[in-house]
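Below is one structure, written out as structure tokens; the observations come after it.
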Amino acid sequence: MSTTWTPDELRRIGDAAELRIASCRPDGTLRPYVTIWTATTGDAVYVRSGHGADNPWFRRAVAAGRGRIQAGGVERDVEFDRQAPDAPAHADIDAVYHAKYDHHGAAVVGTVTGEHATHVTLRLHPRD
């Protein structure tokens, strides 16, 4: 069952430089965590695959539909929602990625921003 993020969780995840994500195996156990970048905007937490839809962690997350994240001292079970964000949300996600990660260089940040990143965006919904 989905629930909502608390304001404190959103702040802590948003302030974290990185997020650790693990998808569930078919038997319900967690796969190893992968460290990725994250963006929070409004009441939502998003992640994007920097190497497209064929990135192994992304494929596993989409297939599993659920997993667990760790960021900023927050650890939660989550559902992975692949529904593409609408244009305003997509622009907000891009802006957050640029604000947090541009110091890594345009080429790196470019892998998770722009129109090509829409189809590799997952919204993370917390689970009870």
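Taken together, the values in this text are just the output of simple stated rules run on the coordinates, not laboratory data. Since this is a predicted model, take the numbers as computed values, not measurements. Note: ideal-geometry Cβ built from the backbone for every residue, glycine included; neighbour counts use all protein chains shown.
Relative to the present Cα-Cα distance, how much length would full extension add between HIS51 and ASP27 at 0.36 nm per residue of separation?
Once the chain is fully extended between HIS51 and ASP27, it gains 5.9 nm.
Report the net charge of residues surrounding TYR33, where surrounding means a beta-carbon distance below 14 angstrom and charges are Lys +1, Arg +1, Asp -1, Glu -1. Don't skip to the end; give the middle numbers.
Details: positive: ARG20, ARG25, ARG31, ARG60, ARG68, ARG76; negative: GLU18, GLU75, ASP77.
That sum, taken over residues with Cβ under 14 Å, equals +3.
Using the Karplus curve 6.51 cos²θ - 1.76 cosθ + 1.60 with θ = phi - 60°, work out ³J(HN,Hα) for each residue of the stretch 3-8 in order, rounded to whole Hz, and write x for Gly and Pro.
Using θ = phi - 60°, the values come out as 9, 10, 6, 7, x, 5 Hz.
Which FRET efficiency value, to the nearest 0.05, is calculated for GLU75 and ALA106 with the Förster distance at 41 angstrom and r the Cβ-Cβ distance?
For R0 = 41 Å, the calculated efficiency reads 0.80.
Which stretch or stretches of the stretch 70-108 have amide N atoms under 14 Å from the point lying 7 Å from HIS119's Cα along the Cα→Cβ direction?
83-85
Which label belongs to the value computed from this structure, given these candidates for Cα Rg over 2.2 N^0.38 Å: [x] 1.13; [y] 0.97; [z] 1.08?
[y]
Could the peptides 111-119, 97-105 be put in order, highest first, of the mean number of other beta-carbon atoms found within 10 Å of their residues?
Ranked from most to least packed, the peptides come out as 111-119, 97-105.
Could you sort the peptides 51-58, 33-40 by per-residue average Cβ neighbour count (10 Å cutoff), highest mean leading?
33-40, 51-58
Can you work out the Karplus-derived ³J(HN,Hα) for every residue in the stretch 64-76? Use 6.51 cos²θ - 1.76 cosθ + 1.60 with θ = phi - 60°, whole Hz, and x for glycine or proline.
Here the 3J(HN,Hα) series is 6, x, 7, x, 9, 10, 9, 6, x, x, 9, 10, 9 Hz.
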